[in-house]
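Visitor: Please read through the structure below; I'll follow up with questions.
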Amino acid sequence: MKILFYNHTGQISGAERVLLMILRGLDSRRFDAVVACPPEGRLGRMVSDLQVRTISIDSLRARFTWRPDRLIRYLGSFFQVIRSARLNVIHEAPDIVHANSIRGGLVMSAATFGLNVPIVWHVHDLLPRHLLSVAIRLFLCLSRRNQVIAVSHAVAARLRGILLRCLSKRVPVHTIHNAVDLERFRPDSHSRKETRCGLRIAEEQLVIGIVGQLTARKQPLELIRAFAKVASEVPNAVLLIVGEALFNRDAEYAESLVQTTDSLGLSDRIRFLGSREDIPALMRAFDLLVVNSRAEAFGLTNIEAMATGTPVLAAAVDGIKEIIHHDQDGWLFDSQPALADGMIKLLRERNLRARLSRQSRRSVMTRFSAERLLTETQSFYRGVLASGKTPQHKNAAAFEVKLSAD
């Protein structure tokens, strides 16, 4: 089965890490993968490192907006990318196109009009409450070729809205939770000591970490303000902020984080590490990972920290509530005042952190392994092909027989 994966950006964030995990684990005897993505950014190089062929395609510059001038410019970007995508699909003749975002799904569904190829929308984001979201749902309904993978039940519910709930048979929405590489993200006391030494962090210091894009939705600014209370009550606490600004005006937002840190007199307690390649090692170096997002479709950093045995303090929102069970394998909070109190409580109570650490690793191994993700995803692909009604998918039964023989 040939699968053309399409990613509308070459930058690396959570959706791209999931894509790379799928590509790394696909059974090459049964699946032939090719990836179309923009040349800018690290994604193309990382795909090539996996010995997967890449196709260069223009970046899609389009976001939700109320401004007519920007909307017109974004539509222009859509039409340009759609033309290029259609040529690539015709040339590659895939059995399935896997579009790794809502925007990717829009591009590929439009680009393949009349080509009778199934389109899988892999939805990693919560569809915003916007008039354009209604248009997206209507567009999904236009073709029975569209099927959806949602990374959480929260994502699936937001995507369906009222319209797709009424048309669930026309546009199937399947939930496949994300996963973590349990070997790469694993407890390692030697790595912990080595990383903390490299960061010049003493063993007696208590390290809070936040990992992710520097963007308002992740609320690092609110974390910095909450940390001011923590710093006054836990003298040996430090905060490490890992990540960079990737999109839109996030660079200005990132500058405001540094300015706020300086104005609060916390420059000696808060460190900005920027983008890092050693995330597993950093997770092990933390005593506590904080996820302070106001909205979170899933939250990969939750399960990455849990896999390393690092306790997680996370906002009780959206997909996070499908990952963490409060006071069992992590700690949830429901307000910003509770964030500061939660950090203080967990830093002060070593035994509580140890209990959460033990259970979080067990929980991730049971529910969020890469093997589970690959099994469910590959089964999904076979189901899509088996249900195909177009001439090019009549080989579905033979494909299933071959799988059984293997």
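Laboratory data are not the source of any read-out in this text; all were calculated from the coordinates shown. All values derive from a computational prediction rather than experimental measurement. Cβ atoms come from the backbone with ideal geometry, glycine included; neighbour counts cover every protein chain shown.
Visitor: Determine one quarter of the surface area of the Cα convex hull of the stretch 112-236, which equals its mean projected area, and express it in nm² to one decimal.
Guide: Value for the stretch 112-236: 12.2 nm².
Visitor: Also, I was wondering about something else. Looking at the chain, do any whole DSSP H helices span at least 15 angstrom along their long axis by alpha carbon and average -1.0 or above on Kyte-Doolittle, and which?
Guide: What comes out of the filter, once short or polar helices are dropped, is 14-25, 68-92, 131-141, 153-166, 220-233, 250-263, 336-348, 370-386.
Visitor: Place the peptides 351-360, 322-331 in order of packing, highest mean first, counting for every residue the other Cβ atoms within 10 Å and averaging per peptide.
Guide: The peptides rank, most packed first, as 322-331, 351-360.
Visitor: Summarise the long-distance tail of P(r) for the chain by giving the % of C-alpha pairs beyond 38 Å.
Guide: Across the chain, Cα pairs with separations above 38 Å total 23 percent.
Visitor: So, one more: Can you work out the PRE-style zone for residue 183? Point 7 Å along Cα to Cβ, and I want the residues of the stretch 355-381 with backbone N under 13 Å.
Guide: Residues passing the 13 Å test: 370-371.
Visitor: So what's the Cα pair-distance distribution over the stretch 189-367, bin width 5 Å, in %?
Guide: Histogram of Cα-Cα distances, whole percents per bin: 1, 9, 19, 23, 23, 16, 7, 2, 0.
Visitor: What is the total of Lys pairs in the chain with C-alpha atoms under 23 Å apart, excluding same-chain pairs fewer than 8 positions apart?
Guide: Going through the chain pair by pair, I get 12.
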